[in-house]
Amino acid sequence: MTEHESHQHAYIANDHKDDYLKRLRRIEGQARGIQKMVDEEKYCIDILTQISAMTKALQVVALGLLDEHMSHCVADAARKGGPEADAKLKEASEAIARLVKS
């Protein structure tokens with residue numbers, strides 16, 4: 001169990017959570033569709049187009065979760081100040097850097 005898994009978080013708004021889950025189920029379906037396209041040796045450009053669409057869908061989920069994290073976890077820590085605020089800001093910055101690289 002990681003440090004992050006040991007803390008219980010409930011900052012994702014229920015209506016957003018349902019939206020994220022619906023999007024992730026669609027992405028899961030897209031991944032299965034891409035697997036089938038590869039298995040059936042479909043045209044490479046068509047497969048790449050589907051991968052691009054799936055990547056965009058994942059980015060939408062990631063940016064939504066990042067926004068939730070910034071507006072709740074990071075903002076709460078910043079209000080409190082101290083080392084936790086520094087840690088949360090660093091964590092958010094690192095997450096943004098990972099998203100930009102992907």
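The values are calculated or read from the model by the stated rules, or taken from the named source; none is laboratory data. Keep in mind the model is a prediction, meaning the values are calculated, not measured. Don't worry about glycine lacking a Cβ; one is built from the backbone with ideal geometry, like all the others, and counts go over all protein chains shown.
Data table
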{"read-out": "Count - residues of the stretch 71-102 that are touching a Phe, Trp or Tyr at 6+ places or on another chain (Cβ under 8 Å) and of a type in the set (A, V, I, L, M, F, W, C)", "value": "1"}
{"read-out": "The stretch 51-74, residues that are farther than 15 Å from L24 by Cα and surrounded by 13 or more Cβ atoms within 10 Å (Cβ to Cβ)", "value": "L66, E68, H69, M70, H72, C73, V74"}
{"read-out": "From A77, A57, A31, residue being in a helix (DSSP H, G or I), over 11 Å from the mean Cα position of the chain (by Cα) and at pLDDT 95 or above", "value": "A31"}
{"read-out": "Flag for K42 being surrounded by fewer than 15 Cβ atoms within 10 Å (Cβ to Cβ), within 30 Å of D15 (Cβ to Cβ) and without any contact (Cβ under 8 Å) to a residue 12 or more places away in the chain", "value": "no"}
